């Protein structure tokens with residue numbers, strides 16, 4: 001899996017993007033693209049869509065999304081994720097996805 005182009009954006013722009021995505025229920029790819037282009041960067045709508053899905057999943061785990069997670073007992077690892085910065089959560093998700101992909105390839109071939 002290649003690295004996310006969104007993660008390559010300056011943190012200030014990425015935080016603005018995350019705020020916009022949350023405000024628009026993770027679905028305004030045109031607005032997100034326009035925001036990034038306004039700052040002189042280019043990221044594809046597909047990359048923004050993938051990032052939005054990961055952000056939504058991260059927010060759901062942390063209870064920040066549009067539909068907060070109801071009170072549940074969190075395992076210690078989940079509590080660590082809950083307290084982590086969004087960038088760290090996304091980076092960890094990407095690392096785990098890459099590991100999963102490598103393991104699947106090894107099992108298949």
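How about the range 24-43: which of its residues are out of contact with any helix residue (DSSP H, G or I) (no Cβ under 8 Å at 6 or more places or on another chain) and assigned to a loop (DSSP other than H, G, I, E, B)? Correct list: 25, 40. Answer yes or no: is there a residue in the range 55-77 that is surrounded by fewer than 15 Cβ atoms within 10 Å (Cβ to Cβ), modelled with pLDDT of 85 or more and under 15 Å from the mean Cα position of the chain (by Cα). Among the residues of the range 55-77, not one is surrounded by fewer than 15 Cβ atoms within 10 Å (Cβ to Cβ), modelled with pLDDT of 85 or more and under 15 Å from the mean Cα position of the chain (by Cα), which makes the answer no.
One residue alone among 108, 80 is more than 14 Å from the chain's Cα centre (by Cα), surrounded by fewer than 17 Cβ atoms within 10 Å (Cβ to Cβ) and modelled with pLDDT under 70, and that residue is 80.
Pairs meeting the criteria (first residue in the range 2-26 and at negative phi and surrounded by fewer than 18 Cβ atoms within 10 Å (Cβ to Cβ), second residue assigned to a loop (DSSP other than H, G, I, E, B) and modelled with pLDDT of 90 or more, beta carbons under 6 Å, at least 6 apart or on different chains) are 5/43; 13/39.
The values are calculated or read from the model by the stated rules, or taken from the named source; none is laboratory data. If you're wondering where the values come from, they're calculated on a predicted model, not measured in any experiment. Note that we place each Cβ from the backbone using ideal geometry, even for glycine, and neighbour counts take in every protein chain shown.
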